[in-house]
Amino acid sequence: MELVIIGGSDAGISAALGARAVDPDIRPVLVLADSYPNFSICGIPFYLSGEIADWQSLAHRDLSEIESHGISVLAEHRCTEIDPEKKAVRVVTSSGTYQVIAYDKLLVCTGAKSTTSEIPGLDLPGVFFLRWMDDCFAMEKYMQKRLPESIIIIGAGYIGMEMADAMVRQGLSVTVLEYGPSVLATLDTDMAGHVENELVKNGVRVFTGSAAGSIESLENRLKVRGRRDGKDDFEVTGDMVLVATGSRPETAPALSAGIETGFAGAIRVNSRMETSVKDIYAAGDCAETRHRMLDKNIWLPLGTTAHKQGRVAGANAAGGSREFAGSLGTQCVKVFDRVAARTGLKESEAVSVDFSPASTDLDVPDHKAYYPGAKTLHIRITGDRITGKLLGAQIIGPYGAEIAKRIDILATALYHDMRVSDLSDLDLSYTPPLSSPLDPVQMAAAAWGHMHRHGSSKVPDPCR
């Protein structure tokens, strides 16, 4: 069987490996637009910060290892068209030559592309996007040549926050502009405020409620003009500009085949990752994601999701029978010494699907207070006040306080449709330097239950 995969990032590689696991005789052909298969794009900010010395270490697998798994890689081959009737894809190489590749089954794993608004000046020297390795190298080369002292970051999502951290580490003065009311829109506004405080503490200027209107060249510098607080006279100046205003699905090849799109323009798929066109599958940031809590397809581009969707799509293309179990939107980010994590639904999201959400916050040490170095975690538990069902959680705290572990406990509970009270029954590990007999997650769950039984979230630690 001729299995062709368009795209060689998380979803594409996972699809190829998933197909080979079902049928070792299949030799997938990977059509790769650049020369960097299976690179951790999520690691780019940490390379640009100097924390990671060698960019090649960002590769999950190098080319020789990929090929050792029976996968053929066509680097610098960009897909321009899919013909589902002839079962063929047309690609163009970096030299401008065209090639037609036949397939029996096709996987579209084209990822996402940076959102480019109608802001004038995006093409000026010193203005960058950051999505692929080539973007990384362009930015690095500019910094090495121009030695900038300041940067303006437009957008305060995950990439914007990580790059603010990275550029401060490189000695630059950093200004962040965010259109919304707070940084990190995936968190509640007050929870995101903890992250904003960390930015300010490290010298970052943060302007929320700010819309960039244009970028102008000004005597070897760049000026961003825009609107803030209802006024059009807002402007900031810097040596560089990074546009990190989000992304959108890369669906051009899929559209050429008449494949249906859905939420946010992402490729519409079912639980088997099948598209509307026979023998064509899609996975990763170009495709929809089933959200387990919302019980509908949305667009939620995450590397963890891309890996899982790719495995499912590849296995099914090879003759298997697997289904994507869905996502809970579990995420975490490190900004300087602060880590923010979330899973499931915020209150505003829960209301939209007819839950009756209520949230309780608890500040609690990450381990027994008598052991030196205890750090405070701020945990928000959201549950349904009628059924007691766990709906979501958010955690903010210092780096090193096992925050990712704790949010994963809550994500697992959500996956298994647990009630908030059920968290108290979990058999979690304990030693004084790392936790308490009741883990902080369990204390926060108890506080939620106590609030709804007694009207108070102040719960004594029974193991103190």
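The values are calculated or read from the model by the stated rules, or taken from the named source; none is laboratory data. Predicted model only: the values in this text are computed from it and were never measured. Heads up, the Cβs are rebuilt from the backbone with ideal geometry, glycines too, and the neighbour counts pull from every protein chain shown.
Quickly run through the stretch 59-85 and pick out the residues that are assigned to a helix (DSSP H, G or I) and either more than 18 Å from D10 (Cα to Cα) or not hydrophobic (A, V, I, L, M, F, W, C) (or both).
Of everything in the stretch 59-85, those that are assigned to a helix (DSSP H, G or I) and either more than 18 Å from D10 (Cα to Cα) or not hydrophobic (A, V, I, L, M, F, W, C) (or both) turn out to be S64, E65, E67, S68.
It is to be established whether one or more residues within the stretch 97-107 are of a type in the set (S, T, N, Q), out of contact with any Cys (no Cβ under 7 Å at 6 or more places or on another chain) and farther than 24 Å from V333 by Cα.
Yes, because at least one residue in the stretch 97-107 is of a type in the set (S, T, N, Q), out of contact with any Cys (no Cβ under 7 Å at 6 or more places or on another chain) and farther than 24 Å from V333 by Cα.
Can you pull out the residues in the stretch 137-148 that are part of a loop (DSSP other than H, G, I, E, B) and surrounded by fewer than 19 Cβ atoms within 10 Å (Cβ to Cβ)?
Result: L147, single match.
From the set of residues in the stretch 98-122 that are part of a strand (DSSP E or B) and small (G, A, S), which is farthest from I41 (Cα to Cα)?
A102
Tell me yes or no: at least one residue of the stretch 247-260 is touching a residue at least 12 places away in the same chain (Cβ under 8 Å), surrounded by 15 or more Cβ atoms within 10 Å (Cβ to Cβ), in a strand (DSSP E or B) and touching a Phe, Trp or Tyr at 6+ places or on another chain (Cβ under 6 Å).
Scanning the stretch 247-260 turns up no residue that is touching a residue at least 12 places away in the same chain (Cβ under 8 Å), surrounded by 15 or more Cβ atoms within 10 Å (Cβ to Cβ), in a strand (DSSP E or B) and touching a Phe, Trp or Tyr at 6+ places or on another chain (Cβ under 6 Å).
Identify all residues within the stretch 304-332 that are in the same structural domain as G12 (by TED's automatic domain parsing) and within 16 Å of A411 (Cα to Cα); write none if there are none.
Within the stretch 304-332, T304, T305, K308 qualify.
Of (1) out of contact with any Lys or Arg (no Cβ under 6 Å at 6 or more places or on another chain); (2) at pLDDT 95 or above; (3) surrounded by fewer than 22 Cβ atoms within 10 Å (Cβ to Cβ); (4) closer than 26 Å to L345 by Cβ, T289 satisfies all except one. Which?
Going through (1) out of contact with any Lys or Arg (no Cβ under 6 Å at 6 or more places or on another chain); (2) at pLDDT 95 or above; (3) surrounded by fewer than 22 Cβ atoms within 10 Å (Cβ to Cβ); (4) closer than 26 Å to L345 by Cβ one by one, T289 breaks only (3).
Examine the stretch 188-203 for a residue that is hydroxyl-bearing (S, T, Y), touching an Asp or Glu at 6+ places or on another chain (Cβ under 7 Å) and either crowded, with 16+ Cβ neighbours inside 10 Å or free of Cβ contacts under 8 Å to residues at least 24 places away in the same chain (or both), and state whether such a residue exists.
No: the stretch 188-203 contains no residue that is hydroxyl-bearing (S, T, Y), touching an Asp or Glu at 6+ places or on another chain (Cβ under 7 Å) and either crowded, with 16+ Cβ neighbours inside 10 Å or free of Cβ contacts under 8 Å to residues at least 24 places away in the same chain (or both).
Give me a count of the residues in the stretch 11-50 that are over 20 Å from the mean Cα position of the chain (by Cα), of a type outside the set (A, V, I, L, M) and on the phi < 0 side of the Ramachandran plot.
Looking only at that region, the number is 9.
Could you check the stretch 157-193 and list, in sequence order, the residues that are closer than 15 Å to K346 by Cβ and out of contact with any helix residue (DSSP H, G or I) (no Cβ under 9 Å at 6 or more places or on another chain)?
Matches in the stretch 157-193: T189, D190, M191, A192, G193.
Among (1) within 21 Å of the chain's Cα centre (by Cα); (2) modelled with pLDDT under 95, where does A393 come up short?
For A393, the exception is condition (2).
Which one of T116, T175 is touching a strand residue (DSSP E or B) at 6+ places or on another chain (Cβ under 8 Å) and buried (at least 19 other Cβ atoms within 10 Å of the Cβ)? Reasoning before the result, please.
Details: T116 fails: buried (at least 19 other Cβ atoms within 10 Å of the Cβ).
Of the residues listed, the single one that is touching a strand residue (DSSP E or B) at 6+ places or on another chain (Cβ under 8 Å) and buried (at least 19 other Cβ atoms within 10 Å of the Cβ) is T175.
Here are A413, A404: which of them is in a helix (DSSP H, G or I), in contact (Cβ under 8 Å) with a residue 24 or more places away in the chain and aliphatic (A, V, I, L, M)?
Checking each option against the conditions leaves just A404.
Being under 22 Å from the mean Cα position of the chain (by Cα), outside the structural domain of I13 (by TED's automatic domain parsing) and either under 17 Å from G193 (Cα atoms) or hydroxyl-bearing (S, T, Y) (or both), is that true of even one residue in the stretch 353-374?
No, that holds for no residue.
Mind telling me which of the residues E149, E76, E118, E162 ends up being within 17 Å of V4 (Cα to Cα) and not polar (S, T, N, Q)?
E76
If you check I403 against the conditions, is it farther than 15 Å from H194 by Cβ, surrounded by 15 or more Cβ atoms within 10 Å (Cβ to Cβ) and at pLDDT 95 or above?
no
May I ask you to say which residue of D165, D134 is loosely packed, with under 14 Cβ neighbours inside 10 Å, part of a helix (DSSP H, G or I), in the same structural domain as K201 (by TED's automatic domain parsing) and in contact (Cβ under 8 Å) with a residue 24 or more places away in the chain?
So the residue among D165, D134 that is loosely packed, with under 14 Cβ neighbours inside 10 Å, part of a helix (DSSP H, G or I), in the same structural domain as K201 (by TED's automatic domain parsing) and in contact (Cβ under 8 Å) with a residue 24 or more places away in the chain is D134.
Is it the case that D232 is out of contact with any strand residue (DSSP E or B) (no Cβ under 6 Å at 6 or more places or on another chain), among the charged types (D, E, K, R) and either in a strand (DSSP E or B) or surrounded by 16 or more Cβ atoms within 10 Å (Cβ to Cβ) (or both)?
Yes: the conditions hold for D232.
Looking at the structure I just gave you, is S95 part of a helix (DSSP H, G or I), out of contact with any strand residue (DSSP E or B) (no Cβ under 6 Å at 6 or more places or on another chain) and either buried (at least 16 other Cβ atoms within 10 Å of the Cβ) or without any contact (Cβ under 8 Å) to a residue 40 or more places away in the chain (or both)?
On the way: part of a helix (DSSP H, G or I): no; out of contact with any strand residue (DSSP E or B) (no Cβ under 6 Å at 6 or more places or on another chain): yes; either buried (at least 16 other Cβ atoms within 10 Å of the Cβ) or without any contact (Cβ under 8 Å) to a residue 40 or more places away in the chain (or both): yes.
In short, no.
Could you check the stretch 95-116 and list, in sequence order, the residues that are of a type in the set (G, A, S) and either over 29 Å from the mean Cα position of the chain (by Cα) or closer than 20 Å to G238 by Cα (or both)? Break it down stepwise before answering.
Narrowing the stretch 95-116 to residues of a type in the set (G, A, S): 95-96, 102, 111-112, 114.
The answer is S95, G96, A102.
Please go through the stretch 363-388 and pick out each residue that is among the aliphatic types (A, V, I, L, M), buried (at least 22 other Cβ atoms within 10 Å of the Cβ) and over 29 Å from D295 (Cβ atoms). Please lay out each step first, then the result.
Within the stretch 363-388, the subset among the aliphatic types (A, V, I, L, M) is 364, 369, 374, 377, 379, 381, 386.
Of the ones still in play, those that are also buried (at least 22 other Cβ atoms within 10 Å of the Cβ) are 364, 377, 379, 381.
Once the filter is applied, which keeps residues that are among the aliphatic types (A, V, I, L, M), buried (at least 22 other Cβ atoms within 10 Å of the Cβ) and over 29 Å from D295 (Cβ atoms), the stretch 363-388 yields V364, L377.
Say whether the condition of being within 30 Å of S210 (Cβ to Cβ) and part of a loop (DSSP other than H, G, I, E, B) is met by at least one residue in the stretch 268-280.
The first filter runs over the stretch 268-280 and keeps only residues within 30 Å of S210 (Cβ to Cβ), leaving none.
No.
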